[in-house]
Amino acid sequence: MTLPTLLLLAAAATLATMVCRLVFRRTPDQWLMDYDETVIPPEMEKLKSMPWFPDTLLLGLAQFLLFLLSYQVLGLSVYWALVMLTAQPLLLIMIADHKTKIIPDQYLLALIPAALFFWLEANLNHASSDWLRDLLTRLAAGFAGAFFLWLVGFIASKIMKRDAMGMGDVKLLAAAGLLVGLRWLPALLILSFFTAAFLALPLLLRRRRDPDADAEMAFGPFISLSIILVLAFHGLLANLWQFYLNLLS
């Protein structure tokens, strides 16, 4: 990779970081509240502040790594541009859910045209593609993902005697199905739960030591991260899976 290319990627990542920061700070308070909430929480202003350190710095680092690594894998292409554009609302979802435990519907709506563009890109690049079949499989993936996560949340809520999964997560996984399709939905689910487990374990241990500690964890950031990984690095993930299967055999 040449130095000018690296500088351009860094500039693009910086611009994307500033735009994401501005959008989140300008997000209406009501978008970051439950439907039944009418009074804006006093801590909302602080939650939306996005200080330069560490919040904006971490976001900028994530943006740069995403731009750099995905460019090395995908190269300069329409698909790469779509991945980068789709990553922005997904990063906003990660920020919002982490800070407020709310996934705004307005952020989710931004993923619908992204899914449409991925569908168009996939079929325009393959003359023999079945447009209708691909569309139906994406719709089926969206429904299957939403139903699966809703079922997991329903069962968990009965066991734990409290809400275990928000509808924002369910809607996000529906959007994930539209984006990645039926073929990659199982991998996305595995990645989501696997990455969440890394953080869930220390939180559970912390709560065991201190029962009064807050051990709640937002699941939306892990779904969003998994969507980005599948969209940008599906080839690498497929190779890693095949390598694992070869080890087993």
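Of note:
- Region 1-34, residues that are farther than 18 Å from Ile102 by Cα, of a type in the set (A, V, I, L, M) and in contact (Cβ under 8 Å) with a residue 40 or more places away in the chain: Met1, Leu6, Leu9, Ala10, Ala12, Ala13, Ala16, Val19
- Residue count for region 83-102, restricted to those that are of a type outside the set (Asp, Glu), farther than 15 Å from Ile227 by Cα and in contact with a Gly (Cβ under 9 Å, 6 or more places away or on another chain): 4.
- Of the numbered criteria (1) assigned to a helix (DSSP H, G or I); (2) over 15 Å from the mean Cα position of the chain (by Cα); (3) surrounded by fewer than 22 Cβ atoms within 10 Å (Cβ to Cβ), the one Ala141 fails is (3).
- Considering only residues in region 105-134 that are outside any helix (DSSP H, G or I) and more than 13 Å from the chain's Cα centre (by Cα), the one that is nearest to Leu6 (Cα to Cα) turns out to be Asn125.
- Evaluating Phe53 against the criteria (1) within 17 Å of the chain's Cα centre (by Cα); (2) modelled with pLDDT under 95; (3) among the hydrophobic types (A, V, I, L, M, F, W, C) leaves one unmet condition, (1).
- Note on region 16-47: residues that are farther than 19 Å from Leu58 by Cα and either of a type in the set (A, V, I, L, M) or under 23 Å from the mean Cα position of the chain (by Cα) (or both) amount to 13.
- Evaluation of Ser157 against (1) touching a residue at least 12 places away in the same chain (Cβ under 8 Å); (2) surrounded by fewer than 23 Cβ atoms within 10 Å (Cβ to Cβ); (3) of a type in the set (Gly, Ala, Ser) (one fails), failing number: (1)
- Boolean, Ala176 is at pLDDT 95 or above, in contact with a helix residue (DSSP H, G or I) (Cβ under 9 Å, 6 or more places away or on another chain), more than 30 Å from Leu59 (Cβ to Cβ) and among the small types (Gly, Ala, Ser): no
- Candidates Gly142, Gly60, filtered to the one that is within 30 Å of Pro42 (Cα to Cα) and at pLDDT 95 or above: Gly60
- Annotation: of all residues in region 52-69 being in contact with a helix residue (DSSP H, G or I) (Cβ under 9 Å, 6 or more places away or on another chain) and of a type outside the set (A, V, I, L, M, F, W, C), the one that is farthest from Gln88 (Cα to Cα) is Asp55.
- There is at least one residue in region 85-96 that is part of a helix (DSSP H, G or I) and surrounded by fewer than 17 Cβ atoms within 10 Å (Cβ to Cβ).
- Within region 157-172, the set of residues being within 21 Å of Ile102 (Cα to Cα), of a type in the set (A, V, I, L, M, F, W, C) and more than 22 Å from the chain's Cα centre (by Cα) comprises Met160 only.
The values are calculated or read from the model by the stated rules, or taken from the named source; none is laboratory data. The shown structure was predicted, so the numbers you read here are calculated from the model rather than taken from an experiment. A quick note on method: Cβ atoms are made from the backbone with ideal geometry, for glycine too, and the neighbour counts reach across all protein chains shown.
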